[in-house]
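Structure first, then comments.
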Amino acid sequence: MTGVETIEAAGQQTRLASAGAGETVVVLHGWGGRIESMTPAMACLQTRFQVVAVDLPGFGDAPAPAGVWGTPDYARWLAALLRDHSIQRAHFLGHSFGGKVALTLAATDRTLVDKLILVDASGLRSAPSRAAVAKRALSRAGRVAGRLGPPGRALQQLVYRQVATADYREAGPLRPTFVRIVNEDVTELLPRISAPTLLIWGGRDEDVPVTHAQTMERLIPDAGLVVLEGAGHFSYLDQPERFCRIVRHFLSTPVVP
């Protein structure tokens with residue numbers, strides 16, 4: 001990876017990496033990631049395209065944003081950054097939360113997005129499982145216990161350690177942002193995406209199930225789904241060679257009017 005620089009965009013400091021030449025592909029990491037998380041995808045593409053990647057605010061070496069951001073805030077910030085660097089139109093590849101940012105941008109700033117690749121992308125909410133319902137009940141019990149003085153607060157912390165997800169526990173100052181983003185549902189945005197869209201999913205993705213990909217394929221007007229059987233949530237890492245072939249073919253194929 002070459003050409004990493006520290007920049008400021010829309011009042012937010014971050015790092016930007018750029019490599020290769022040709023049509024621009026913007027690559028976005030998932031929650032908890034950073035530029036380096038997407039190195040295999042960037043290496044795949046930079047021989048044929050100009051690849052641009054950033055640390056999203058609050059991740060990697062980028063400070064957390066002021067206030068509680070939602071996905072639309074991340075999308076607007078990214079659009080401002082790209083236009084500051086004279087990128088008026090590009091392909092987008094986003095993993096997990098990065099995919100949610102990219103699809104939000106594709107639905108709300110359609111002139112910026114040429115082709116869209118969503119890799120195990122988050123964004124849809126499922127009906128809660130029995131385990132999730134039980135966790136919510138425990139969480140409510142913990143909040144009640146926390147009002148009962150020091151012993152109750154100790155019990156509350158014990159309960160939260162048991163029911164909180166790893167992403168929530170590790171979010172630090174981004175916890176309010178994490179809660180806001182997890183509770184967003186982008187279903188209503190999907191029919192507004194006009195960009196040709198490729199969905200790549202791990203068949204064993206336990207974080208974002210393949211049923212979410214199937215819903216996205218059905219609701220995005222021009223979308224196709226490829227399931228990498230045996231791969232998990234980081235499907236681009238689990239099957240890098242197949243992932244690379246699929247992505248290159250999609251980006252190199254002319255769009256039929």
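The values are calculated or read from the model by the stated rules, or taken from the named source; none is laboratory data. These numbers come from a predicted model, not from an experiment. Using ideal geometry, Cβ is built from the backbone for each residue, glycine included, and neighbour counts are taken over all protein chains shown. Ligands, DNA and RNA are excluded from the accessible area calculation, which covers all protein heavy atoms including side chains. Shrake-Rupley method; radii C 1.70, N 1.55, O 1.52, S 1.80 Å.
Would you say Arg218 is more than 15 Å from Arg110 (Cβ to Cβ), assigned to a helix (DSSP H, G or I) and open to solvent by 20 Å² or more (accessible area, probe 1.4 Å)?
When the stated conditions are applied, Arg218 passes them.
Take the stretch 177-208 and flag every residue that is of a type outside the set (A, V, I, L, M, F, W, C) and within 17 Å of Asp222 (Cβ to Cβ).
Result: Pro191, Arg192, Ser194, Pro196, Thr197.
Among the residues of the stretch 197-216, count how many are closer than 24 Å to Val255 by Cβ and in contact with a helix residue (DSSP H, G or I) (Cβ under 8 Å, 6 or more places away or on another chain).
Of the residues in that region, 7 qualify.
May I ask you to say which residue of Thr111, Thr104 is touching a residue at least 24 places away in the same chain (Cβ under 8 Å) and β-branched (Val, Ile, Thr)?
Thr104
Considering only the stretch 231-257, state which residues are of a type in the set (Phe, Trp, Tyr), touching a strand residue (DSSP E or B) at 6+ places or on another chain (Cβ under 7 Å) and within 20 Å of Val208 (Cα to Cα).
Within the stretch 231-257, the first condition is being of a type in the set (Phe, Trp, Tyr), and the residues that meet it are 234, 236, 243, 250.
Now drop any that are not touching a strand residue (DSSP E or B) at 6+ places or on another chain (Cβ under 7 Å), which leaves 236, 243, 250.
Matches in the stretch 231-257: Tyr236, Phe243.
From the list Phe234, Phe250, which one is under 16 Å from Leu118 (Cβ atoms) and open to solvent by less than 60 Å² (accessible area, probe 1.4 Å)?
Numbers: Phe234 fails: open to solvent by less than 60 Å² (accessible area, probe 1.4 Å).
The match here is Phe250.
Please state which one of Leu81, Leu93, Leu45, Leu56 is hydrophobic (A, V, I, L, M, F, W, C) and more than 22 Å from His233 (Cβ to Cβ).
None of the others qualify; the one that does is Leu81.
Among the residues of the stretch 77-90, is there at least one that is within 15 Å of Val186 (Cβ to Cβ), at pLDDT 95 or above and of a type in the set (A, V, I, L, M, F, W, C)?
Looking for residues that are within 15 Å of Val186 (Cβ to Cβ), at pLDDT 95 or above and of a type in the set (A, V, I, L, M, F, W, C), one finds none in the stretch 77-90, hence no.
Out of the stretch 19-66, which residues are open to solvent by 10 Å² or more (accessible area, probe 1.4 Å), under 16 Å from Ala102 (Cα atoms) and assigned to a strand (DSSP E or B)?
Thr24, the sole residue that qualifies.
Can you report the number of residues in the stretch 203-215 which are modelled with pLDDT of 95 or more and either more than 18 Å from Leu103 (Cβ to Cβ) or open to solvent by 70 Å² or more (accessible area, probe 1.4 Å) (or both)?
Final tally of qualifying residues: 4.
With the condition kept exactly as written, say whether any residue in the stretch 228-249 is outside any helix (DSSP H, G or I) and modelled with pLDDT under 95.
no
What are the pairs with Cβ atoms under 9 angstrom where one residue, in the stretch 2-16, is surrounded by 11 or more Cβ atoms within 10 Å (Cβ to Cβ) and the other, located anywhere, is at pLDDT below 90 and in a loop (DSSP other than H, G, I, E, B)? Sequence gap at least six, or different chains.
Note: pairs meeting the criteria are Gln12/Ala66; Leu16/Gly3.
Go through the stretch 183-212 and give me each residue that's touching a residue at least 60 places away in the same chain (Cβ under 8 Å), within 27 Å of Phe59 (Cα to Cα) and either touching a Cys at 6+ places or on another chain (Cβ under 7 Å) or in a helix (DSSP H, G or I) (or both).
Passing the criteria: Thr187, Leu189, Leu190, His212.
Are any residues in the stretch 70-109 of a type in the set (A, V, I, L, M, F, W, C) and either open to solvent by 40 Å² or more (accessible area, probe 1.4 Å) or over 16 Å from the mean Cα position of the chain (by Cα) (or both), and if so, which ones?
Pass one, the stretch 70-109, residues of a type in the set (A, V, I, L, M, F, W, C): 75, 77-82, 87, 90, 92-93, 97, 101-103, 105-107.
Ala80, Leu81, Leu82, Ile87, Ala90, listed by residue number.
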